[in-house]
1. Does T21 satisfy the criteria of being free of Cβ contacts under 8 Å to residues at least 12 places away in the same chain and of a type in the set (V, I, T)?
2. Give the residue, chosen from I38, I70, I66, that is touching a helix residue (DSSP H, G or I) at 6+ places or on another chain (Cβ under 6 Å), surrounded by 10 or more Cβ atoms within 10 Å (Cβ to Cβ), hydrophobic (A, V, I, L, M, F, W, C) and touching a residue at least 60 places away in the same chain (Cβ under 8 Å).
3. So which residues in segment 8-24 are over 18 Å from G73 (Cβ atoms) and over 18 Å from the mean Cα position of the chain (by Cα), if there are any at all?
4. Any idea which of Q12, Q54 is without any contact (Cβ under 8 Å) to a residue 40 or more places away in the chain and either touching a strand residue (DSSP E or B) at 6+ places or on another chain (Cβ under 6 Å) or loosely packed, with under 15 Cβ neighbours inside 10 Å (or both)?
5. For E7, are the conditions met, namely being acidic (D, E) and part of a helix (DSSP H, G or I)?
6. Restrict the check to segment 21-35 and report whether at least one residue is open to solvent by 30 Å² or more (accessible area, probe 1.4 Å) and touching a His at 6+ places or on another chain (Cβ under 9 Å).
7. Given the options R25, R94, name the one that is basic (K, R) and over 28 Å from V6 (Cα atoms).
Amino acid sequence: MTQSYVEGIKTQFVRDRLKETSWARRGYIEVLKIFEEIYEEGGAKGFGKMWHGQKRKEYPVEDECIRKEIQEGVYTPPEEFRRLVEEWKEEQRRKEAEWMRQQWEQQRREQEWLEEERRKWLEAGGKP
């Protein structure tokens, strides 16, 4: 039989998340417990590296808080965690807005290029 969702939690950070997490989202706690194991063992190995890299993209703040608590003994209280999550979300919004701006700019340049090519086409005697 496998270990319970609540057995073996090593950090206060994960215990705090457990108090905020419904049974329906218990998979989230399982991911955080695996983060704990990875840092206790000195890092992910083999296939675990790929899994950890993917999950770290999903839960970057949680991953960093768990790493700090296990490796440095620095606990992240709930208020600080919420602030860090909001900062991360804001950074993601800024990145997305910048990406959208770049896409719009690229489309604008492509449209200008097409208009210039059409003008040259017509000047050279091509049909409209």
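1. yes
2. I70
3. Residues satisfying the conditions are G8, L18, K19, E20, T21, S22, W23, A24.
4. Answer to the selection: Q54.
5. No.
6. yes
7. R94
A quick yes/no check of all residues on (1) polar (S, T, N, Q); (2) in contact with a Ser or Thr (Cβ under 7 Å, 6 or more places away or on another chain); (3) open to solvent by 100 Å² or more (accessible area, probe 1.4 Å); (4) modelled with pLDDT under 95:
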| residue | (1), (2), (3), (4) |
| --- | --- |
| R94 | no, no, yes, no |
| Q103 | yes, no, no, no |
| Q107 | yes, no, yes, no |
| W113 | no, no, yes, no |
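The values are calculated or read from the model by the stated rules, or taken from the named source; none is laboratory data. Bear in mind that the values here come from a model prediction, so they are computed numbers and not experimental data. Every residue, glycine as well, gets a Cβ built from its backbone with ideal geometry; the counts of neighbours run over all protein chains shown. In case anyone asks, the SASA skips ligands and DNA or RNA and just uses the protein heavy atoms, side chains included. Shrake-Rupley method; radii C 1.70, N 1.55, O 1.52, S 1.80 Å.
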